[in-house]
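Reading through the structure tokens given below for one structure.
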Amino acid sequence: MNTKANFKGEIIYIEKIAKDTCKMDISSPLKQANAGQFISIYCPNTTLRRPFSIANFENHIITILFKLKGEGTKYLSNLKKGDYIDFLAPLGNGFTIENKKSLLVGAGIGIAPMIFLKNTLNKKNIENYLITGFKSNEENIKGSDETIIGGSVLYHLDKIIKNKNIEIIYSCGPMPVLKGITELSKKYNIPSQIAMEKVMACSIGVCRGCIIKLMKNGKVINASVCKDGPVFKGSDIIWD
Ligand SMILES: Cc1cc2nc3c(=O)[nH]c(=O)nc-3n(C[C@H](O)[C@H](O)[C@H](O)COP(=O)(O)OP(=O)(O)OC[C@H]3O[C@@H](n4cnc5c(N)ncnc54)[C@H](O)[C@@H]3O)c2cc1C
Ligand code: FES
């Protein structure tokens, strides 16, 4: 089990890779991280840390992909190679890898944890297919097996599930896509694992600001996205 800790990491790579989107590689003493986990970065110009999925982890190097939204991501986008950042890691529970033909669905910046997951599945020789969707070609982040520009990825999944005999779906992206994935997994009777995103204050399970509702053994329970998630079984999630 990883123990979460506070790290100082050196930025060894930072580039714009798509419209309003940057890739950052951070070298730090962090020893281990799993696909689906995230880091929470201190940005001096914001009160609260900002959470980002780990988009890859290899030889102590964490990769993140981030989309410019507000002050925190603006600060990060202005950092340079050689600068240091302060972050908490590894946070949350990642995907539970199953030896099943896997469909990975990343919508928008939701591609970030899917890239790490794909790399992990490839290393284990588990057959997988990553489909991503972006609003425009300028926002396209490369690295998937199929990319949908302009429309919802959801409309393309029935065909893939049937043609590739998919046995499990993993996904990250906006709520309507995630909800659609859980409906599809129900329709085809295959499990799904969903990486949820919620605006976070503490990122470590203290403030209870990121609560969602789950159905477990016939009972409704509260779960924090930052500590109990961000990955949940699709069939457990109660969508508001
Ligand atoms: C577990 C987790 C993993 C994430 N992984 C990534 C990632 O890999 N790449 C990435 O670009 N972003 C990711 N995010 C979202 C990212 O944390 C926010 O975009 C970031 O905190 C915005 O900070 P800001 O100061 O630039 O903008 P802010 O000023 O904080 O926000 C700008 C706007 O974005 C909205 N917003 C902020 N956070 C979220 C959120 N979590 N969900 C929906 N809307 C939000 C705000 O309501 C506001 O309207 C992740 C969030 C979570 C919870
Ligand atoms: S963000 Fe504070 S409990 Fe999750």
GNM flexibility winner over the chain from Ser28, Ser171, Ser192 (Cα, springs under 10 Å): Ser28
Three-way shape label, the range 102-238, alpha-carbon gyration tensor, a/c 1.5: prolate
About the Cα centre, charge dipole magnitude for the range 1-69 (Lys/Arg +1, Asp/Glu -1 at Cβ), debye: 280
Accessible surface of the range 5-91 [probe 1.4 Å, protein heavy atoms]: carbon and sulfur percent: 48
Where the range 91-153 is the region considered: accessible area per residue in Å², 1.4 Å probe: 42
Pair His60, Asp86: separation of 7 Å Cα→Cβ label points (nm): 2.1
Per the chain, cysteines lacking a partner by the 4.7 Å Cβ criterion: Cys22, Cys43, Cys172, Cys210, Cys226
Helix 175-187 axis, angle to the chain major axis (alpha carbon atoms, nearest 10°): 30
Cut-off under 5 Å, modelled amide H: who pairs with Ser192 long-range: Ile169, Gly234, Ser235
With Cα atoms, 0 to 90° folded angle of helix 111-123 axis to the chain main axis: 70
Within the accessible area of the range 102-238 (1.4 Å probe), percent carbon and sulfur: 51
Residues whose placed amide H lies under 5 Å from that of Cys43, excluding near-sequence neighbours: Arg50
10 Å binning of all Cα-Cα separations within the chain, expressed as whole percents from 0 upward: 8, 33, 38, 19, 3, 0
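The values are calculated or read from the model by the stated rules, or taken from the named source; none is laboratory data. Since the model is a prediction, treat every value here as computed from it, not as a measurement. Cβ sites come from the backbone with ideal geometry, for glycine too, and all protein chains shown count toward neighbours. The area values use the complete protein model at the heavy-atom level, side chains included, leaving out ligands, DNA and RNA. Shrake-Rupley method; radii C 1.70, N 1.55, O 1.52, S 1.80 Å.
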